[in-house]
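Enquirer: Got a structure here, written out as structure tokens. Questions coming.
Each value in this text was obtained by applying a stated rule to the coordinates, not by laboratory testing. Keep in mind that this is a model prediction, so the values were computed, not measured. Using ideal geometry, Cβ is built from the backbone for each residue, glycine included, and neighbour counts are taken over all protein chains shown.
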Amino acid sequence: CMHCKTALAQAEVEYEGQTTPSVYVKFPVKAPSPALAQALGGRTASLAIWTTTPWTLPANLALAIHPGETYTALEVGGEWLITARRSALYVGFIDGVRGRAAATGLAVSGEALAGTLARHPWLERDVPVIPADFVAMDTGTGLVHIAPGHGEEDYELGRKAGLKVYNPVDDDGRFRAEVTHFAGLTVWEANPRIIEHLRSVGALVASVPFEHTYPHCWRCKNPTLFLATEQWFIALDQTGLRQKALDAIRRDVRWIPPWGEERIFNMVAHRPEWVISRQRVWGVPIVAFYCQACDGLLLDEPLVEHVAAIMRAGRGADEWHAREAADLLPPGTVCPNCGGVSFRKETDILDVWFDSGCSHAAVLETRADLRWPADMYLEGSDQHRGWFQTSLIPSVALRGEPPFRTVLTHGMVLDEQGRAMHKSIGNNVSPQEVISKYGAEILRLWVALCDYSEDVRISEKLLSGPIDTYRKIRNTIRYLLGNLSDFNPAKHRMSDEKLLETDRYIRARLAVTAAAVDKHYRNFQFRPAIRAVADFCILDLSAFYLDSLKDRLYTLSADNPARRSGQTVLYDTLTAVLKMISPVLSFTAEESWQTARKEIAPDLEESVFLSDYPRLPAAWLDVSLLEKWERIMRVREQATKAIEELRKTGVVGSSLEAKVIFRTSKEETAAFIRGNEALWPQALIVSECALEMDPSAEELEIKVLQAEGEKCPRCWQRRKDIGFNAAHPGVCSRCAAALEEK
């Protein structure tokens, strides 16, 4: 980056769209290959190239052609321009030559064209034509100008062809004094002048605006330059480090979501060597020295350890920047090449990504309460090419394994229209504002209910869902706490064999939920975990069990076994639910836990976060009971619809005023109804149930009537036995018995 004046690694380069002038340029043929000479038959011709970076033309040292393509010529203004037959220039006749270009009969293979010598458009320089498989046909001319000092492919091709690495641009992005016409100009200042110069010397075929992506610095956001400079690298292929890292990605790490594995694998497989040196004033030094006499490098492990000891004993990295080389080197150090005794320090520093990539060693290996490797690294998806990679590579190199067991990737938070949030456009949603308005729990719940593997949107409207879910969970907890106020588990808990069947069913559903939530948490799937708890609270508890239980809780005597049976399961449900929600609804869970300790069970752990996760007894998960109740709940759903239809007519107000008649022609169905006779009024929350065999009935038909008798003012059921007890003449016999027990 010419603005930051430092080299950048691949992970520090961002690509942004822009429109720049592209140019089609003529390189006159000076010495054609034998095949080209024969095809030209004495004609003069030029090789046409296309580039989006005219500023690289002063550094041109060669032209590249594809050996497998056929090359022909366009006649433009009486001059032959050699181009690939499948190239964009030949096929499309670009705007700059359309209407004034004609095809010729020339045909030469790329392989035969190699060896041609061309002339630079304005410099006294001959440039060879060399083959390269990377030459593309979808843009340009099928010939590429090669500047080994200004591109990775150019550099590699230049090395194979024996070209020198020529870079006429300094660290400020300005042309050096040797560049005629453009010395002292930045490359961006030189671009339009180079185009004009090409026009003035007759080398410009056309200049056409071109939309493309261009690399920009991640820090300052300015365009970057490809310049060949001396840097320090971590070699990935010479030592087999790349393959070791790839093996570790597949073998040793759990990637969440799973697609993260393929993403980072491909990035590591195709990344270039890692440039780790930076030209900055201060940072972690590269502990290397150079002999003042022969410029030989002085770098070995004992030397690094010696300097590290100085840093540990002093002011850290400041010691490197504050001391002279002689004060940092061990006494008596001599150059192994020439015997020199005077040295200078390396002025480059380490890439900050290397710093962050070594954080696992600095943190996990220096604290007794932590262990290496880390259980998890988590960051945004952009860190597959950043922190995840820069942590993986040094760790595999030094320790033979990754510094993490699991890597979790999350998306970014966007506004409700899917745009990135910026202060400049005023679409920021501040977490503090959400907390101030709705509370921290709502924000935490919103996060948990999002699919964090993708980008997520947030707005006032999108927060309404979590608010409603939170309200239902909290109301369920309030009900549980409120109906356990006279329950002490140490005194009143019922043994498993004494629990009523409905209570055992709900406890089985609790066990199913706890197992599912545990599995989801272990897989870092917070949304299905919280959804499972919410569904249990809303569907199993609020929509059925808590309503069904009210009769026992409110009408039976305090110590009635049926009432204590229900409270036992309510208590187990309360503690399990609080533990299940605690990772997400932390404040609600702790507040409710402390209320339970104070009012219900003083022996509970001091905090919900000091308790064990609810791994409930296996016996609670009664599969046969769950299967039976699955059928009961289907009958209940059918009955509820029939009751609702009668309620719409005004015949009954609540379901407790109803009588349900089961009609069936099937003996098996009748046996199921009879076998659960005592359960039906409680399961359906009605006053009375009856069974009628009817040969004309379907599998099961349900008829709903108003129950006979009067409404008991205490239990609200319609009963025929109101007034039978002289001591309590205003209530039914069941309520009278409960009152006498009190």
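Enquirer: Residues with amide H under 5 Å of residue 71's amide H, sequence separation 5 or more or different chain, H placed in the peptide plane at 1.01 Å from N; which?
Expert: Placed amide hydrogens put 85, 108, 109, 110 under 5 Å from residue 71.
Enquirer: Taking every pair of Cα atoms in region 653-708, average 1/r, invert it to obtain the Kirkwood radius, and report Rg/Rh to two decimals.
Expert: Numbers: Rg = 11.1 Å, Rh = 11.4 Å.
Radius of gyration relative to Kirkwood radius: 0.98.
Enquirer: Something else now. Using θ = phi - 60° and the Karplus form 6.51 cos²θ - 1.76 cosθ + 1.60, what ³J(HN,Hα) does each residue of region 369-383 get, whole Hz, x for Gly and Pro?
Expert: Result, ordered by residue: 8, 10, 9, 10, x, 5, 5, 8, 10, 9, 6, x, 5, 5, 7 Hz.
Enquirer: Between rounded, prolate and oblate, where does region 633-680 land on the alpha carbon gyration tensor, with a ≥ b ≥ c its root eigenvalues, rounded for a/c under 1.5, else prolate if a/b exceeds b/c?
Expert: Prolate is the answer for region 633-680, as a/c is 1.5 or above and a/b outweighs b/c.
Enquirer: Can you tell me what the convex hull of the Cα atoms of region 1-144 projects to on average, as an area in nm²?
Expert: Quarter of the Cα hull surface area: 10.1 nm².
Enquirer: Let me ask you something else. Count the net charge of all other residues whose Cβ sits under 11 Å from the Cβ of residue 242, scoring Lys and Arg as +1 and Asp and Glu as -1.
Expert: After counting each charged neighbour, the total is -1.
Enquirer: Once you have the Kirkwood Rh of region 123-175 from its Cα pairs, apply Stokes-Einstein at 37 °C and 0.692 mPa s and quote D in µm²/s.
Expert: Here the translational diffusion coefficient equals 263 µm²/s.
Enquirer: Report, in listed order, any pair from 550/628; 472/579; 423/519; 498/648; 641/666 with a Cα-Cα distance greater than 28 Å.
Expert: Checking Cα-Cα distances, 423/519; 498/648 exceed 28 Å.
Enquirer: Among residues other than residue 124 whose Cβ falls under 15 Å from its Cβ, what is the net charge (Lys/Arg +1, Asp/Glu -1)? Write down the numbers at each step before the final one.
Expert: Details: positive: 30, 119, 125; negative: 126, 178.
Net of charged neighbours comes to +1.
Enquirer: While we're on this one: Treating the angle as unsigned and between 0 and 90°, give the value, to the nearest 10°, between the Cα long axis of helix 561-581 and the longest Cα principal axis of the chain.
Expert: 10 degrees
Enquirer: State the three equivalent ellipsoid semi-axes of region 416-527, derived from the C-alpha gyration tensor as the square roots of 5 times its eigenvalues, in descending order and whole Å.
Expert: The three semi-axes for region 416-527 are 39, 18, 10 Å.
Enquirer: Over the Cα atoms of region 679-722, what radius of gyration and what Dmax do you get, in Å?
Expert: Cα-based Rg and Dmax for region 679-722 come out at 12.8, 40 Å.
Enquirer: A follow-up question, please. Mean residue ellipticity at 222 nm from the helices of the chain, using -39,500 (n - 2.57) per DSSP H segment of n ≥ 4 over the full residue count, to the nearest 500 deg cm²/dmol?
Expert: -11000 deg cm²/dmol
Enquirer: Kindly work out what percent of the DSSP beta bridges joining two residues of the chain are antiparallel, to the nearest 5.
Expert: 75 percent
Enquirer: With θ taken as phi - 60° and the coefficients 6.51, -1.76 and 1.60, list the Karplus ³J(HN,Hα) couplings across region 41-54 in order, rounded to whole Hz; mark glycine and proline as x.
Expert: x, x, 6, 8, 7, 10, 8, 9, 10, 10, 8, 9, 10, x
Enquirer: Place a +1 charge on the Cβ of each Lys and Arg in the chain and a -1 charge on the Cβ of each Asp and Glu, then give the dipole magnitude about the Cα centre in debye, rounded to the nearest 20. Don't skip to the answer; put the middle values down first.
Expert: On the way: 85 positive and 97 negative charges, 224 e Å.
I would put it at about 1080 debye.
Enquirer: Work out from phi, with θ = phi - 60° and the Karplus expression 6.51 cos²θ - 1.76 cosθ + 1.60, the ³J(HN,Hα) of each residue of region 113-130, listed in order in whole Hz, and give x for Gly and Pro.
Expert: Couplings: 6, 4, x, 5, 10, 10, 10, 4, x, 9, 9, 7, 8, 8, 10, x, 9, 10 Hz.
Enquirer: Let me ask something else. How high is the relative contact order of the chain, in percent, counting Cα pairs under 8 Å that sit 6 or more residues apart?
Expert: Reported relative contact order: 8 percent.
Enquirer: Check which residues have an amide H placed less than 5 Å from residue 659's amide H, if you skip close sequence neighbours.
Expert: Here 705, 706, 707 satisfy the definition.
Enquirer: Of all alpha-carbon pairs in the chain, indicate the percentage at a distance above 48 angstrom.
Expert: 48 percent
Enquirer: Turning to a different aspect of this structure: Just order 320-332, 394-406 by mean Cβ neighbour count inside 10 Å, highest at the front, would you?
Expert: Descending mean neighbour count gives 394-406, 320-332.
Enquirer: Residues with beta-carbon under 15 Å from that of residue 18, excluding residue 18: net charge, scoring Lys, Arg +1 and Asp, Glu -1?
Expert: Around residue 18, the surrounding residues sum to -2.
Enquirer: Using the Cα centre of region 604-690 as origin and beta-carbon charges of +1 (Lys, Arg) and -1 (Asp, Glu), tell me which of 614, 653, 629 is placed farthest towards the positive end of the dipole.
Expert: After comparing all options, I get 653.
Enquirer: Where does each of 486-492, 501-507, 350-356 land if you order them by average Cβ count within 10 Å, highest first?
Expert: Most protected by this proxy first, the peptides run 501-507, 350-356, 486-492.
Enquirer: Using alpha carbon coordinates only, what is the Rg to Rh ratio of region 464-621, with Rh defined as the Kirkwood radius?
Expert: Result for region 464-621 is an Rg/Rh of 0.94.
Enquirer: Can you list residues whose amide H is under 5 Å from residue 453's amide H, if they're 5+ apart or on another chain and H is modeled 1.01 Å from N?
Expert: Placed amide hydrogens put 411 under 5 Å from residue 453.
Enquirer: Which of the peptides 424-435, 283-294 is most tightly packed, and how do the rest follow, judged by the mean count of other Cβ atoms within 10 Å per residue?
Expert: Values: 424-435: 11.6, 283-294: 17.8.
Ranking the peptides 424-435, 283-294 by packing returns 283-294, 424-435.
Enquirer: Separate question: Can you tell me how region 138-220 classifies by the Cα gyration tensor, rounded, prolate or oblate, using a/c under 1.5 as the rounded cut?
Expert: Details: a/c = 1.18, a/b = 1.05, b/c = 1.13.
In terms of gyration-tensor shape, rounded.
Enquirer: Hey, could you get me the Stokes-Einstein D for region 237-276, Kirkwood radius over alpha-carbon pairs, 25 °C and 0.890 mPa s, rounded to whole µm² s⁻¹?
Expert: 228 µm²/s
Enquirer: Just the Kirkwood number for region 233-409, please: inverse of mean 1/r across all distinct Cα pairs, in Å, one decimal.
Expert: Result for region 233-409 stands at 18.0 Å.
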